[in-house]
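> Next up is a structure, given as C-alpha coordinates.
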Amino acid sequence: MREPHGPALPDVGVGLFVLAMAALAVVGTLMIPDSPVYARVGPKLFPWIAAGGLALLGVGLTVAGLRGGWSWTLEDQPTDPFNPLSFGLLLAGLVVNVALIDTIGFVLASTLQFVLVCACFSSRNHVQNAITALLVCGGSYLLFSKALSVNIGSGILEPWLDAGLDRLLGLFGIQS
(Lines give C-alpha, C1' and ligand atoms only; values in the text may rest on other atoms or scores of the structure.)
Protein backbone atom coordinates (compact mmCIF):
# COMPACT_ATOMS: atom_id res chain seq x y z
CA MET A 1 0.00 0.00 0.00
CA ARG A 2 1.44 3.35 -0.99
CA GLU A 3 1.40 6.43 1.19
CA PRO A 4 -0.25 9.61 -0.06
CA HIS A 5 1.99 12.34 -1.48
CA GLY A 6 0.24 15.67 -1.95
CA PRO A 7 -3.28 16.21 -3.23
CA ALA A 8 -5.05 13.30 -4.89
CA LEU A 9 -6.70 14.92 -7.91
CA PRO A 10 -9.28 12.17 -8.55
CA ASP A 11 -10.39 12.36 -4.92
CA VAL A 12 -10.55 16.16 -5.08
CA GLY A 13 -12.64 15.76 -8.23
CA VAL A 14 -15.11 13.54 -6.38
CA GLY A 15 -15.40 16.14 -3.62
CA LEU A 16 -15.95 18.93 -6.12
CA PHE A 17 -18.56 16.84 -7.96
CA VAL A 18 -20.47 16.34 -4.70
CA LEU A 19 -20.25 20.10 -4.07
CA ALA A 20 -21.69 20.67 -7.56
CA MET A 21 -24.56 18.31 -6.71
CA ALA A 22 -25.16 20.36 -3.55
CA ALA A 23 -25.26 23.53 -5.66
CA LEU A 24 -27.81 21.93 -8.00
CA ALA A 25 -29.88 20.89 -5.00
CA VAL A 26 -29.81 24.48 -3.72
CA VAL A 27 -30.90 25.81 -7.13
CA GLY A 28 -33.68 23.22 -7.33
CA THR A 29 -34.83 24.03 -3.80
CA LEU A 30 -34.95 27.74 -4.58
CA MET A 31 -37.25 26.94 -7.52
CA ILE A 32 -39.84 25.27 -5.27
CA PRO A 33 -42.64 27.80 -4.80
CA ASP A 34 -43.55 28.89 -1.29
CA SER A 35 -46.97 27.69 -0.27
CA PRO A 36 -49.05 29.24 2.49
CA VAL A 37 -50.85 25.89 2.88
CA TYR A 38 -47.95 24.38 4.83
CA ALA A 39 -48.09 25.80 8.35
CA ARG A 40 -45.56 23.58 10.11
CA VAL A 41 -43.18 22.12 7.59
CA GLY A 42 -43.03 23.32 4.03
CA PRO A 43 -41.97 21.47 0.91
CA LYS A 44 -38.48 23.01 1.06
CA LEU A 45 -37.36 21.53 4.40
CA PHE A 46 -36.06 18.17 3.21
CA PRO A 47 -34.43 19.52 0.04
CA TRP A 48 -32.56 22.06 2.21
CA ILE A 49 -31.47 19.27 4.56
CA ALA A 50 -30.28 17.18 1.59
CA ALA A 51 -28.45 20.14 0.05
CA GLY A 52 -26.76 20.89 3.38
CA GLY A 53 -25.74 17.26 3.81
CA LEU A 54 -24.32 17.14 0.29
CA ALA A 55 -22.42 20.38 0.90
CA LEU A 56 -20.90 19.06 4.13
CA LEU A 57 -19.96 15.78 2.46
CA GLY A 58 -18.48 17.62 -0.54
CA VAL A 59 -16.36 19.86 1.69
CA GLY A 60 -15.14 16.87 3.69
CA LEU A 61 -14.26 14.87 0.57
CA THR A 62 -12.51 17.84 -1.04
CA VAL A 63 -10.44 18.50 2.09
CA ALA A 64 -9.58 14.80 2.35
CA GLY A 65 -8.53 14.82 -1.32
CA LEU A 66 -6.33 17.86 -0.79
CA ARG A 67 -4.67 16.09 2.16
CA GLY A 68 -3.76 13.02 0.12
CA GLY A 69 -7.11 11.42 -0.52
CA TRP A 70 -8.61 8.13 0.46
CA SER A 71 -8.60 6.10 -2.74
CA TRP A 72 -4.98 5.01 -2.28
CA THR A 73 -6.18 2.89 0.66
CA LEU A 74 -8.39 0.90 -1.72
CA GLU A 75 -5.63 -0.29 -4.06
CA ASP A 76 -4.89 -3.49 -2.18
CA GLN A 77 -8.48 -4.28 -1.23
CA PRO A 78 -9.90 -7.50 -2.66
CA THR A 79 -12.77 -7.06 -5.08
CA ASP A 80 -15.67 -9.45 -5.34
CA PRO A 81 -16.69 -10.67 -8.78
CA PHE A 82 -20.00 -9.54 -10.25
CA ASN A 83 -22.86 -11.53 -8.72
CA PRO A 84 -25.77 -11.76 -11.17
CA LEU A 85 -28.11 -13.22 -8.51
CA SER A 86 -27.55 -10.27 -6.17
CA PHE A 87 -27.97 -7.82 -9.02
CA GLY A 88 -31.18 -9.60 -10.06
CA LEU A 89 -32.58 -9.43 -6.52
CA LEU A 90 -31.76 -5.73 -6.31
CA LEU A 91 -33.40 -5.06 -9.67
CA ALA A 92 -36.41 -7.21 -8.71
CA GLY A 93 -36.85 -5.13 -5.55
CA LEU A 94 -37.04 -1.93 -7.58
CA VAL A 95 -39.41 -3.44 -10.13
CA VAL A 96 -41.67 -4.93 -7.45
CA ASN A 97 -41.95 -1.60 -5.65
CA VAL A 98 -42.76 0.37 -8.80
CA ALA A 99 -45.18 -2.28 -10.09
CA LEU A 100 -47.11 -2.78 -6.85
CA ILE A 101 -47.11 0.54 -4.99
CA ASP A 102 -50.36 1.69 -6.63
CA THR A 103 -52.21 -1.55 -5.87
CA ILE A 104 -50.93 -2.77 -2.50
CA GLY A 105 -49.65 0.54 -1.17
CA PHE A 106 -46.38 2.04 -0.01
CA VAL A 107 -45.90 -0.08 3.11
CA LEU A 108 -46.26 -3.53 1.54
CA ALA A 109 -44.49 -2.64 -1.73
CA SER A 110 -41.57 -1.11 0.16
CA THR A 111 -41.47 -4.06 2.57
CA LEU A 112 -41.12 -6.45 -0.37
CA GLN A 113 -38.37 -4.27 -1.80
CA PHE A 114 -36.60 -4.18 1.58
CA VAL A 115 -36.67 -7.98 1.90
CA LEU A 116 -35.35 -8.46 -1.65
CA VAL A 117 -32.54 -5.95 -1.11
CA CYS A 118 -31.60 -7.70 2.16
CA ALA A 119 -31.47 -10.99 0.24
CA CYS A 120 -29.28 -9.24 -2.34
CA PHE A 121 -26.78 -8.64 0.47
CA SER A 122 -26.94 -12.33 1.50
CA SER A 123 -29.31 -11.95 4.45
CA ARG A 124 -31.36 -15.09 4.89
CA ASN A 125 -33.41 -14.02 7.91
CA HIS A 126 -36.43 -13.07 5.81
CA VAL A 127 -38.91 -12.96 8.71
CA GLN A 128 -36.76 -10.53 10.72
CA ASN A 129 -36.15 -8.46 7.58
CA ALA A 130 -39.90 -8.32 6.86
CA ILE A 131 -40.75 -7.28 10.44
CA THR A 132 -38.05 -4.59 10.38
CA ALA A 133 -39.27 -3.39 6.99
CA LEU A 134 -42.91 -3.24 8.13
CA LEU A 135 -41.91 -1.13 11.13
CA VAL A 136 -39.68 1.21 9.15
CA CYS A 137 -42.04 1.53 6.17
CA GLY A 138 -45.11 1.87 8.39
CA GLY A 139 -43.41 4.58 10.42
CA SER A 140 -42.30 6.35 7.25
CA TYR A 141 -45.82 6.22 5.86
CA LEU A 142 -47.26 7.70 9.06
CA LEU A 143 -44.60 10.42 9.14
CA PHE A 144 -45.32 11.47 5.56
CA SER A 145 -49.09 10.99 5.83
CA LYS A 146 -49.76 12.63 9.19
CA ALA A 147 -46.86 14.99 9.90
CA LEU A 148 -46.27 16.22 6.34
CA SER A 149 -49.70 15.58 4.76
CA VAL A 150 -48.06 13.90 1.78
CA ASN A 151 -49.71 10.89 0.13
CA ILE A 152 -46.96 8.42 -0.76
CA GLY A 153 -49.20 5.53 -1.78
CA SER A 154 -52.19 4.16 0.07
CA GLY A 155 -53.20 0.55 -0.29
CA ILE A 156 -54.02 -2.39 1.97
CA LEU A 157 -52.35 -1.53 5.30
CA GLU A 158 -52.34 2.26 5.17
CA PRO A 159 -56.01 2.81 6.18
CA TRP A 160 -55.44 0.53 9.18
CA LEU A 161 -52.30 2.44 10.14
CA ASP A 162 -54.15 5.76 9.86
CA ALA A 163 -57.05 4.47 11.98
CA GLY A 164 -54.71 2.94 14.55
CA LEU A 165 -52.73 6.14 14.93
CA ASP A 166 -55.93 8.18 15.18
CA ARG A 167 -57.17 5.89 17.99
CA LEU A 168 -53.84 6.03 19.77
CA LEU A 169 -53.71 9.81 19.58
CA GLY A 170 -57.36 9.95 20.68
CA LEU A 171 -56.40 8.19 23.92
CA PHE A 172 -54.23 11.21 24.70
CA GLY A 173 -56.86 13.71 23.56
CA ILE A 174 -54.94 14.60 20.40
CA GLN A 175 -56.65 14.93 17.04
CA SER A 176 -54.63 14.23 13.92
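The values are calculated or read from the model by the stated rules, or taken from the named source; none is laboratory data. What you see is a predicted model, and the numbers here were worked out from it, not measured in a lab. Please note: Cβ atoms are built from the backbone with ideal geometry, for glycine as well, and neighbour counts cover all protein chains shown. Side chains included, ligands, DNA and RNA excluded: accessible areas come from the protein's heavy atoms. Shrake-Rupley method; radii C 1.70, N 1.55, O 1.52, S 1.80 Å.
> How many percent of the alpha carbon pairs in the chain exceed a separation of 28 Å?
52 percent
> Helices from the chain with mean Kyte-Doolittle at least 0.5 and a Cα length along the axis of 18 Å or more, per DSSP H: which?
9-31, 45-66, 84-104, 106-120, 126-142
> In debye, nearest 20, what is the charge dipole magnitude of the chain about its Cα centre with +1 on Lys and Arg Cβ and -1 on Asp and Glu Cβ, if you could check?
Approximately 300 debye in magnitude.
> Continuing with the same structure: Got a sec? Charge dipole of the stretch 32-176, +1 on Cβ for Lys and Arg, -1 for Asp and Glu; which of 148, 86, 119 is way out at the positive end?
Highest projection toward the positive end goes to 148.
> Sticking with this one: Could you check how much of the accessible area of the chain is carbon and sulfur, as a whole percent, using a 1.4 Å probe?
So the carbon and sulfur contribution to the accessible surface is 72 percent.
> Give, as a single signed number, the net charge of other residues whose beta carbon lies under 9 Å from the beta carbon of residue 145, with Lys and Arg counted +1 and Asp and Glu -1.
-1
> State, as an integer percentage, the relative contact order of the chain based on alpha-carbon contacts under 8 Å between residues 6 or more apart.
Relative contact order comes out at 21 percent.
> Is it possible to state the helix-based mean residue ellipticity at 222 nm for the chain, with each DSSP H run of 4+ residues giving -39500 (n - 2.57), the sum divided by total residues, to the nearest 500 deg cm²/dmol? What is it?
Mean residue ellipticity at 222 nm (helix-derived): -21500 deg cm²/dmol.
> Within 10 Å, count the other beta carbons around each residue, average over each peptide in 147-154, 51-58, and list them highest first.
In decreasing order of mean packing, 147-154, 51-58 become 51-58, 147-154.
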